[in-house]
Amino acid sequence: MLPSYRSLLILFSILALLLGACSYLPRLQATNADLSTTPPIPPGKSQAVPTSSPASKSFPTPAFVEVSNDPLTDKLDQHLRLRHPLFSGVVLVARDDRILLNRGYKYANWELEEPNTPATKYRLASLTKPFTSLAIMMLQERGLLDVQDPICKYLPDCPKEWEPITIHHLLTHTSGIPDYTSFQGASEDARDPHSAADLIDSFKGMSLEFAPGEKFEYSNSGFILLGVIIELVSKMTYQEFIFENISYPLGLESTGLDYNKRVLKERASGYSIEGKTFINAPFLDMSNTYAAGGLFSSDEDLFRLNQALIGNQLVSAKTREAMFTPYVFADNFGTDYGYGWQVGERHGHRWAGHEGGLFGFHNFMIFYPEDKAAIVILSNIDTLDVVAIAQGLEEIIFPTNP
């Protein structure tokens, strides 16, 4: 449950003025972005940024345009406007690789009445986890790790109790490591910056909640550890690896690791509804989310990720299917869980997706590999039920009683 809020608008305005002159410049900000620009490095990081990406090369990012005169487009749009009149965000719906809907609704910034558009960038929250799992699987394909390896093979000063835990356990939330975001006072602590090492220290000395592999229990802690493993194995920072190996090859111009000091064009502000009052979401220092929830993106970039996975552009079909394999039933979601993906089948349509939420944002993406279909919903109001919205849209593109 989210804590009660106070409006921080005045403070945000003052901070924006003070930080504007010294904020980090976003590495991914325009089609003709200078790729040699150094991305912001988290406090405590000193690793040099690789310079292998040619600065003169542009991202191959064609715009996604809705198909013309398809009756489903109006039906989808009317469903959103009539059934979910409070929805604020963007929605992309595709089937058979045809974009049926790609539109923004309401405002990215309600104070300034800046509209949401397909170019708007949202904090992904746990939609970050599919990126992190993909990075792990890419490292496995390169022979640099194996998901059955014990995590203590890679983590220094690994507690003895963690010795039976494998990377597989982290990817499937079956490690037994307590979730640091559930600790008492976690919401208040998240207002201050913390390094990955700080976050690990917060749960490193705690007992496991159950034996590794015994059951599913959602744990952001496991994905913090996966981020550190990615860094240690690849010898790159987490954000460097995501950029060099996923964002740059796929042309994900609107995807990156978020920092509060980062000046990000077309960034959505986060809001909530408390009772009958529309309010600003409380402050969250994004260093607390890291590889478990720290990325930002757009609906179009997430659809590009879907196309890349279906087209085997980054990993093989075998590796993709390993990510989409149901390893355990996820009680929290009421679905099966793969490697960083919720997975299942409804009405004969196999799907993989993920839900994500944090202060001010609630998102859901779901892909249907055999149907070449996708639904991406990014909302800058954290109290909206985006899963229910997605289910309504799914019934329109896959009618059970046509």
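Any idea which residue in segment 182-228 is nearest to residue 288 (Cα to Cα), counting only those that are among the β-branched types (Val, Ile, Thr) and touching a residue at least 60 places away in the same chain (Cβ under 8 Å)? Per the stated criteria, the residue is 224. Among residues that are of a type in the set (A, V, I, L, M), out of contact with any helix residue (DSSP H, G or I) (no Cβ under 9 Å at 6 or more places or on another chain), within 24 Å of residue 277 (Cβ to Cβ) and in contact (Cβ under 8 Å) with a residue 40 or more places away in the chain, residue 378 is not included.
Does residue 386 meet the test of being in contact with a helix residue (DSSP H, G or I) (Cβ under 6 Å, 6 or more places away or on another chain), closer than 29 Å to residue 110 by Cα and surrounded by 16 or more Cβ atoms within 10 Å (Cβ to Cβ)? When the stated conditions are applied, residue 386 does not pass them. Taking segment 85-125 as the range and being among the hydrophobic types (A, V, I, L, M, F, W, C), closer than 19 Å to residue 353 by Cβ and in a loop (DSSP other than H, G, I, E, B) as the test, the residues that pass are 87, 124. Taken over segment 184-205, the criterion of being over 21 Å from residue 132 (Cβ atoms), in a loop (DSSP other than H, G, I, E, B) and touching a helix residue (DSSP H, G or I) at 6+ places or on another chain (Cβ under 9 Å) is satisfied by 191, 192. Are any of the residues in segment 353-360 assigned to a loop (DSSP other than H, G, I, E, B) and either farther than 25 Å from residue 189 by Cβ or at pLDDT below 95 (or both)? So far as segment 353-360 goes, no, none of its residues is assigned to a loop (DSSP other than H, G, I, E, B) and either farther than 25 Å from residue 189 by Cβ or at pLDDT below 95 (or both). Every listed requirement among (1) surrounded by fewer than 19 Cβ atoms within 10 Å (Cβ to Cβ); (2) closer than 28 Å to residue 315 by Cβ; (3) polar (S, T, N, Q) is met by residue 221 save one, (1). Selection within segment 246-262: residues that are touching a strand residue (DSSP E or B) at 6+ places or on another chain (Cβ under 9 Å) and not in a helix (DSSP H, G or I). The member of this set that is farthest from residue 191 (Cα to Cα) is 252. Within segment 339-354, the residues that satisfy the criterion of being more than 19 Å from residue 147 (Cα to Cα) and either surrounded by 15 or more Cβ atoms within 10 Å (Cβ to Cβ) or of a type outside the set (Asp, Glu) (or both) are 344, 346, 347, 348, 349, 350, 351, 352, 353, 354.
Say whether the condition of being crowded, with 17+ Cβ neighbours inside 10 Å and either small (Gly, Ala, Ser) or in contact with a Pro (Cβ under 6 Å, 6 or more places away or on another chain) (or both) is met by at least one residue in segment 177-195. So far as segment 177-195 goes, yes, one or more of its residues are crowded, with 17+ Cβ neighbours inside 10 Å and either small (Gly, Ala, Ser) or in contact with a Pro (Cβ under 6 Å, 6 or more places away or on another chain) (or both). Pick out, from segment 274-338, the helices (runs of 4 or more DSSP H) lying fully within it that include 1 or more residues that are among the acidic types (Asp, Glu) and buried (at least 17 other Cβ atoms within 10 Å of the Cβ). Output list reads 299-310.
The values are calculated or read from the model by the stated rules, or taken from the named source; none is laboratory data. None of these values were measured; they are calculated from a predicted model. We place every Cβ from the backbone using ideal geometry, glycine too, and count neighbours over all the protein chains shown.
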